[in-house]
Amino acid sequence: AALPEAADVVVVGAGIAGAGTAWALAEEAPQWRVAVLDARAPAAGASGRNAGFLLLGSHVDYATAVEAVGREAARG
């Protein structure tokens with residue numbers, strides 16, 4: 001596809017994070033021209049192979065979380 005002549009925001013990467021960011025920007029500011037650029041096809045990289053996991057904070061397994069913050073907080 002051809003590159004856009006102009007954009008207000010350019011998101012580099014069309015994986016789950018890039019596509020989600022572009023979508024959120026378009027929803028939040030519909031007047032913005034949002035362009036998504038990727039070296040390959042959408043989700044052709046890691047997002048297409050690993051189900052596109054995004055985590056808030058750092059990932060800790062459940063047992064380690066229980067030790068660190070207690071069972072109730074770990075469940076939350």
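Computed from the coordinates by the stated procedures, all read-outs in this text should not be read as laboratory data. The structure presented is a predicted model; accordingly, all values stated were derived computationally and were not measured.
In whole Hz, with x marking every Gly and Pro, tabulate ³J(HN,Hα) for the range 35-40 from phi via Karplus 6.51 cos²θ - 1.76 cosθ + 1.60, θ = phi - 60°.
Along the range 35-40, the couplings run 10, 10, 10, 8, 5, 10 Hz.
Please work out how much length the chain gains when fully extended from residue 26 to residue 6, using 0.36 nm per residue of separation minus the C-alpha to C-alpha distance, in nm with one decimal.
The residue 26-residue 6 span can extend by a further 5.7 nm.
If one takes the longest principal axis of the Cα atoms in the chain, at what angle in degrees, from 0 to 90 and to the nearest 10, does the Cα axis of helix 16-28 lie?
Result, in degrees: 70.
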